[in-house]
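Below: one structure, written as structure tokens.
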């Protein structure tokens, strides 16, 4: 059986395809159908969230889009990354990323410079103001996530992480045959 799970360094290996004792094939098929349906609902909700990005404005006139937040979160992990790397991570074209970085730089959240080793590359880093904005956004998201997921045990959430990574690996594998 092919395992699509993306293992990270902190996740213990899991038994792929293991059915709990007493589960029949029909039960398993019903559960998988429910999972497919829920996953479709999740993708639809995420698509609607991205659509609402274009119509949001914060009180200060600066409300970050889903893609902008993703870029800031990525920048928080590394001191400098290329604009191309950010574009791939945010699933944007290089031209769209350039426009987004123009806006983020204008707001004072990022700075850009040409690479000394390869002048074709633009290196992007988070400014102190950008780090503050990202940390405030992360704190708000953590609060929202805790409120939304508080009824679930740590074990449930760990299982959800594993299932989502498996689904991501599965989707990444489609069409590569």
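Computed from the coordinates by the stated procedures, all read-outs in this text should not be read as laboratory data. None of the values given here were measured: they were computed from a predicted structure. FYI the Cβ positions are ideal-geometry reconstructions off the backbone, even for glycines, and counts take in every protein chain you see.
Placing a label point 7 Å from the Cα of residue 42 along the Cα-to-Cβ direction, the residues of the stretch 150-176 whose backbone N falls under 17 Å from that point are 150-174.
Three semi-axes describe the equivalent ellipsoid of the stretch 61-173; taken as square roots of 5 times the Cα gyration tensor eigenvalues and ordered largest first, they are 29, 19, 12 Å. Geometric descriptor of the stretch 95-142, per residue, is 88 Å³ (volume of the convex hull of the Cα atoms).
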